[in-house]
1. If you check residue 75 against the conditions, is it outside the structural domain of residue 169 (by the TED database) and farther than 23 Å from residue 167 by Cβ?
2. What do you reckon, is residue 34 under 20 Å from residue 120 (Cα atoms), touching a residue at least 60 places away in the same chain (Cβ under 8 Å) and surrounded by 13 or more Cβ atoms within 10 Å (Cβ to Cβ)?
3. Quick check on my filter: what residues within the stretch 45-97 are within 23 Å of residue 9 (Cβ to Cβ) and of a type in the set (Lys, Arg)?
4. Sort out which residues of the stretch 83-136 are open to solvent by less than 40 Å² (accessible area, probe 1.4 Å), of a type in the set (Ser, Thr, Tyr) and in a helix (DSSP H, G or I), and write them in order of number.
5. In this structure, is residue 52 in a helix (DSSP H, G or I), modelled with pLDDT of 95 or more and under 25 Å from residue 134 (Cβ atoms)?
6. Of 89, 13, which residue is at pLDDT 95 or above and either of a type in the set (S, T, N, Q) or under 16 Å from the mean Cα position of the chain (by Cα) (or both)?
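The values are calculated or read from the model by the stated rules, or taken from the named source; none is laboratory data. The structure presented is a predicted model; accordingly, all values stated were derived computationally and were not measured. Note that we place each Cβ from the backbone using ideal geometry, even for glycine, and neighbour counts take in every protein chain shown. Keep in mind that these areas ignore ligands, DNA and RNA; they rest on the heavy atoms of the full protein, side chains included. Shrake-Rupley method; radii C 1.70, N 1.55, O 1.52, S 1.80 Å.
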Amino acid sequence: MTDAPDEPTVSLLIVDDHPVVRDGLRGMFASAPGFRVLGEAANGVQALERAAALDPDVILMDLRMPGGGGVDAIRELSRRGARAKVLVLTTYDTDSDTLPAIEAGATGYLLKDAPREELFTAVRAAADGRTVLSPAVASRLVCAVRAPRTAGGEPLSAREREVLALVARGTSNREIARELFISEATVKTHLTHLYAKLGVKDRAAAVATAYDRGILG
């Protein structure tokens, strides 16, 4: 099976303490063009070792694992300045799971019941450095990422809403610029303004807050 045209192969490290889950994910990605599984790990400690040795584009990371949890591994990967993007793939969507993972540096957060095509799309988006956050998970983050001052801030402009909607779909700055016929520098300016208005610091928090406030439906 050949890779899709113009789409580089995304290399993966699968981290999960259940062998059956690892086997299933490996088989799923092996059957799809444009992906290559470099290796597996059963916990966060192994994940750090394998990430350093294999240098994957994306790490699919479970959270609760005996012998080393995912959040600690994500935090250490961020501290080391690892190139790999971390996409959390877990069954847990509680506040105590989602927020620490995002704060630690995860690029995205999906649940294991996500359809395979959604997972493939999320992995490609993560490899490109785009935020991948499902609405269900985003809603869990709202209370913690909301600005300390709860008074309503300045409303978003129509253009800022357009940019935010595209960010929520995992669209890169370059693609946003192309779709809206503006420069990447202008996209970055819009993002800076909407971050300030929402009282957040990054794309994931902006999407989560926007869902809570009804800016995104």
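1. Numbers: outside the structural domain of residue 169 (by the TED database): yes; farther than 23 Å from residue 167 by Cβ: yes.
Spelling it out, residue 75 is indeed outside the structural domain of residue 169 (by the TED database) and farther than 23 Å from residue 167 by Cβ.
2. On the way: under 20 Å from residue 120 (Cα atoms): yes; touching a residue at least 60 places away in the same chain (Cβ under 8 Å): yes; surrounded by 13 or more Cβ atoms within 10 Å (Cβ to Cβ): yes.
Judged against the criteria, residue 34 is a match.
3. 50, 83, 85
4. 98
5. Working: in a helix (DSSP H, G or I): yes; modelled with pLDDT of 95 or more: yes; under 25 Å from residue 134 (Cβ atoms): no.
For residue 52, the condition - in a helix (DSSP H, G or I), modelled with pLDDT of 95 or more and under 25 Å from residue 134 (Cβ atoms) - is not met.
6. 13
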